[in-house]
There are 2 protein chains.
Amino acid sequence: MTNNTTFETLNPPQRMLMGPGPINAYPRVHQALSSSLIGQYDPVMTGYMNQVQQLYRGVFQTQNQQTMLVDGTARSGIEAVLVSILQPGDKVLIPVIGRFGHLLCEIAQRVGAKVKTIDIEWGEVCPPEAIEKAIKEFQPKLLATVQGDTSTTMNQPLKQMGEICQRYDVLFYCDATASVAGNHLKTDEWHLDAVSVGLQKCLGGPSGSAPITLSDRCAEVINRRKHIEAGIRADHHVAGDEAMIQSNYFDLAMVMGYWGPERLNHHTEATSMLYAARECARLFLEEGADQVVARHKIAGDAMASGLRAMGLELFGNPQFKMNNVVGVYIPQGIDGEKIRLELLHRFGIEIGTSFGPLHGKIWRIGTMGFNARQECVLTTLAALESILIKHKAKIIAGQAVVAAMGHYSQ
Amino acid sequence: MTNNTTFETLNPPQRMLMGPGPINAYPRVHQALSSSLIGQYDPVMTGYMNQVQQLYRGVFQTQNQQTMLVDGTARSGIEAVLVSILQPGDKVLIPVIGRFGHLLCEIAQRVGAKVKTIDIEWGEVCPPEAIEKAIKEFQPKLLATVQGDTSTTMNQPLKQMGEICQRYDVLFYCDATASVAGNHLKTDEWHLDAVSVGLQKCLGGPSGSAPITLSDRCAEVINRRKHIEAGIRADHHVAGDEAMIQSNYFDLAMVMGYWGPERLNHHTEATSMLYAARECARLFLEEGADQVVARHKIAGDAMASGLRAMGLELFGNPQFKMNNVVGVYIPQGIDGEKIRLELLHRFGIEIGTSFGPLHGKIWRIGTMGFNARQECVLTTLAALESILIKHKAKIIAGQAVVAAMGHYSQ
């Protein structure tokens, strides 16, 4: 038998999470998380589920009936959308602007889809002309892209892509986990057929719930693959015409049945995470979509100005930078990990490292959700400057915080 | 644009959840859920991940290194195990004793496995002789079973099955979501190679996290399918010999890499749910495995005695009844749903309905986790009796609560 030590009572340190996410949750989300549980078919619970659908229509800026949660991290929402839409052999076009583009490819390949990529240098975005050309040649069923790819801090413009997809009758999916609430996301206006997000970035909640929305035509494509489990079928055995979705958990036809009026049993909804998701959306809508994005823009601009004022160089094309995260080159001769750890241990501030080709070259500093606030920006800049000076980095002292303050009226 | 109403502050009613799950969480789990978030590679966070692994070794009664959480509901744990072990064409033997046996079949079929079932009448369990015979004939790679199937309230004995699997060199997987902590579960002693559970039954937490454990030989089978994503590969590109797992999210080779010392980036761990899972395990181990199971046995026996004393008939073979849930026939001439709703609205008590062949015929009453307490048993019996009398059901009045009290010394 294992030694049954039970460790001490949970007591996580207070951190200021200024990386690419996860970040600190809004205090009200913590309150929601600890609310009492109720049964999954309690009328109050199904009422909350309906509210969550309506709230996320507001977040996604859509009228889509099919707006709901997938019970897992943001990545689970991506896989649910791709495995439900794509049948083996289906063609999908994916512009790869960073790590999460690779992730979309990988998931689509595992589904058995034929993947064509448009490979963009890290730090840039994909031009619409490249999309149109590739669609003409490849004739995909689906265009799948990431909006904000935190690995490069770039924000892919979607409006023209949506128009192109409309014109060529291609389904259009976007993962907006890292960008939602920090940058504009207009599902209906931009002709998006499917969008998935997570809570742990600018929505200010914990990782573990993936809100998604599906257009009617997308839901129809998925419902042609509908299938109801043996063991819960009674009289209503429904089977679609097309190949069964190769995942049960991510079968969005069944998930729609669970969230819809028929309330067909599927998983047991993760109640505490649904409470959190509900509160994230309420906070977003109370503040207002435009105001939330504007707050992220100011915080992101202030952070970028501060870093530049320190004499540091920013990564990527500034024209397409996400509002909520900035990549900054680690100064020459400085051990990036040492600085990160010292920031964490001395100030309780976490900033991010990087993946793949940028590993060891840049830090990523986020200003997201609850932390898209002046005090977080200023404190992080002051702390980073002090640690860099202590490590004898060649930076400009005393200008960063003042530069950032310039973005706020007081 | 959608009407941006944001609804009222979350304020779920106080319910006593006496169905087949989800149930009320332990108060300490609510506290854990609302704790501050920290970064996913914060040394405190990776420390908590290591603790969770050790704590669940205690819960599963195993020495398995590979013991971790899948970020999703209990069902996600089942799919992760099956899709990671089974390649298309692999043979899996599944005894079906209820709804969740059908679920295992359905998931395995979607994975592309060849499924052979042993179909058992609802209310009974599968005898070991039937397993041995089928293994000889079918020569499966995997035997997959459910321990406690709440749809029938039966608890499948596993010890002899494990011995048979050892003898014929078959991998042995069990979903113990509904039975863990309410009934004995001895992973190593019973030669289980993989077990998955959820928090929302006798472990006393919310749905949304799926602890799993894998034996070394099972981890080896899965690791032969290992593959690392493009975009996070640096120098260490590892690829196994065998077919890639057809899900990225449920690729347990990658999930093991995330929980292991290499900390290979996969999903962003659902921190709040990890906090909850940690607290569930601490409560279990502090009380002690044998004591927790004994508490569920007393509560279940007391509930069953009370129902019988009311003159009601219980469902299924009593020899194999799960400790933590009982099926009881709805008395003739009584509308089961009306009674359930009245219990909910007048007493705030939820009991369960049923699936498939038992739909409309039995209620399922659970005594799980925080609610495996005398006061919950007695209150539920008293409430049910009153409502049944009000509806003029032919029952014996005044005996149920006293009969249940007889199981407790005071």
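Take each uninterrupted DSSP H stretch in chain A, measure its Cα extent along the helix axis, and return the ones at 20 Å or beyond whose mean Kyte-Doolittle hydropathy is at least -0.5. The partial results should precede the final answer.
Numbers: long enough: A:43-60 (25 Å, -0.07); A:271-287 (24 Å, 0.10); A:289-309 (30 Å, 0.06); A:374-390 (24 Å, 1.05).
Span-like helices in chain A: A:43-60, A:271-287, A:289-309, A:374-390.
Using protein chains only and a probe of 1.4 angstrom, how many square angstrom of A:E124 are accessible, to the nearest 10?
We get 70 Å² for A:E124.
Convert 4 °C to kelvin, take the viscosity as 1.567 mPa s, use the Kirkwood radius over C-alpha pairs of the protein assembly as shown as Rh, and evaluate the Stokes-Einstein diffusion coefficient in µm²/s, rounded to a whole number.
Details: Rh = 27.3 Å.
The estimated diffusion coefficient comes to 48 µm²/s.
For A:W122, B:W259, give me the order by solvent-accessible area with a 1.4 Å probe, most accessible first, ignoring ligands, DNA and RNA. Don't jump to the answer; show the numbers that get you there.
Values: A:W122 45, B:W259 5 Å².
Largest accessible area first, the list is A:W122, B:W259.
Can you sort B:F60, B:F320 by solvent-accessible area, 1.4 Å probe, largest first?
Most to least solvent-accessible, the answer reads B:F320, B:F60.
Springs between alpha-carbon atoms under 10 Å, Gaussian network over chain B: tell me which of B:A400, B:A243, B:A302 tops the mean-square fluctuations.
Its mean-square fluctuation being the largest, the pick is B:A243.
Calculate for chain A the 222 nm mean residue ellipticity that helices alone would give, adding -39,500 (n - 2.57) per DSSP H run of length 4 or more and normalising by residue count, nearest 500 deg cm²/dmol. Please list the in-between numbers first.
Details: 13 runs with 155 residues, N = 410.
Dividing the helical sum by the residues of chain A leaves -11500 deg cm²/dmol.
Provide A:K392, A:K114 ordered by accessible surface of protein heavy atoms (probe 1.4 Å), highest first.
Working: A:K392 170, A:K114 115 Å².
Putting A:K392, A:K114 in descending order of accessible area: A:K392, A:K114.
Can you tell me the equivalent ellipsoid semi-axes for the range A:289-405? Use √(5λ) from the Cα gyration tensor, largest first, whole Å. Don't skip to the answer; put the middle values down first.
Values: eigenvalues 91, 50, 37 Å².
Equivalent ellipsoid semi-axes, largest first: 21, 16, 14 Å.
Express the relative contact order of the range A:289-405 as a whole percentage, based on alpha carbon pairs under 8 Å and six or more residues apart in sequence.
Values: 176 pairs, mean separation 42.2, N = 117.
Across the range A:289-405, relative contact order equals 36 percent.
I want the local charge near A:I245. Using Cβ-Cβ distances under 10 Å, sum +1 for each Lys or Arg and -1 for each Asp or Glu among the other residues. Show your work: numbers first, answer last.
Numbers: positive: A:R225, A:K226, B:R110; negative: A:E242, A:D251.
So the environment of A:I245 carries a net charge of +1.
So what's Rg/Rh here for chain B, counting alpha carbon atoms and using the Kirkwood radius for Rh?
On the way: Rg = 22.1 Å, Rh = 22.2 Å.
Here Rg/Rh amounts to 0.99.
Choose one answer from A:V326, A:V44, A:V52: the residue with the largest mean-square fluctuation in a GNM of chain A with alpha-carbon springs under 10 Å.
Highest fluctuation among the options: A:V44.
Using the Karplus curve 6.51 cos²θ - 1.76 cosθ + 1.60 with θ = phi - 60°, work out ³J(HN,Hα) for each residue of the range A:404-410 in order, rounded to whole Hz, and write x for Gly and Pro.
5, 4, x, 7, 10, 6, 7
To the nearest 100 Å², how much accessible surface do chains B and A hide from each other in total, with a 1.4 Å probe?
Values: alone 17690 and 17630 Å², together 27390 Å².
Looking at B and A, the buried total is near 7900 Å².
Along Cα-to-Cβ, 7 Å out, sits the label point; list in nm, shortest first, how far the one on A:P88 is from those in the other copies.
Distances to the matching label points in the other copies: 0.2 nm.
Could you give, in nm with one decimal, how far A:P318 is from each other copy of that position, shortest first, with labels 7 Å out from Cα toward Cβ?
In ascending order, 8.0 nm.
What residue among A:A276, A:A393, A:A25 shows peak mean-square fluctuation when chain A is described by a Gaussian network model with Cα springs under 10 Å?
Fluctuation is largest for A:A393.
Percent of accessible area on chain A owned by carbon and sulfur, 1.4 Å probe?
Using a 1.4 Å probe with all protein chains present, chain A comes out at 50 percent carbon and sulfur.
Just read off the accessible area of A:Y48 with the full protein assembly in place, 1.4 Å probe, to the nearest 10 Å².
Using a 1.4 Å probe on the heavy atoms, I get roughly 10 Å².
Using alpha carbons only, what's the Rg to Rh ratio of the range B:1-130 with Rh from Kirkwood?
Numbers: Rg = 20.4 Å, Rh = 19.2 Å.
Rg/Rh: 1.06.
So what does B:D71 come to for accessible area, using a 1.4 Å probe and Å² rounded to 10?
10 Å²
State in Å² the accessible area per residue of the range B:167-300; use a 1.4 Å probe, count heavy atoms of protein chains only, and round to the nearest integer.
Here the per-residue accessible area is 27 Å².
Express in whole angstrom the spacing between the alpha-carbon centres of the range B:1-76 and the range A:184-199.
28 Å
On the principal axes of its Cα set, how long, how wide and how thick is the range A:139-265? Give whole Å, largest value first.
Reported extents, whole Å, longest axis first: 50, 38, 24.
At B:R217, label 7 Å along Cα→Cβ: distances to the other copies, nm, ascending?
Ordered by increasing distance: 5.3 nm.
The values are calculated or read from the model by the stated rules, or taken from the named source; none is laboratory data. All values reported here derive from a predicted model rather than from experimental measurement. Ideal geometry is used to build each Cβ from the backbone, glycine not excepted, and the neighbour counts take in all protein chains shown. Calculation scope for accessible area: heavy atoms of the full protein, side chains included, ligands and nucleic acids excluded. Shrake-Rupley method; radii C 1.70, N 1.55, O 1.52, S 1.80 Å.
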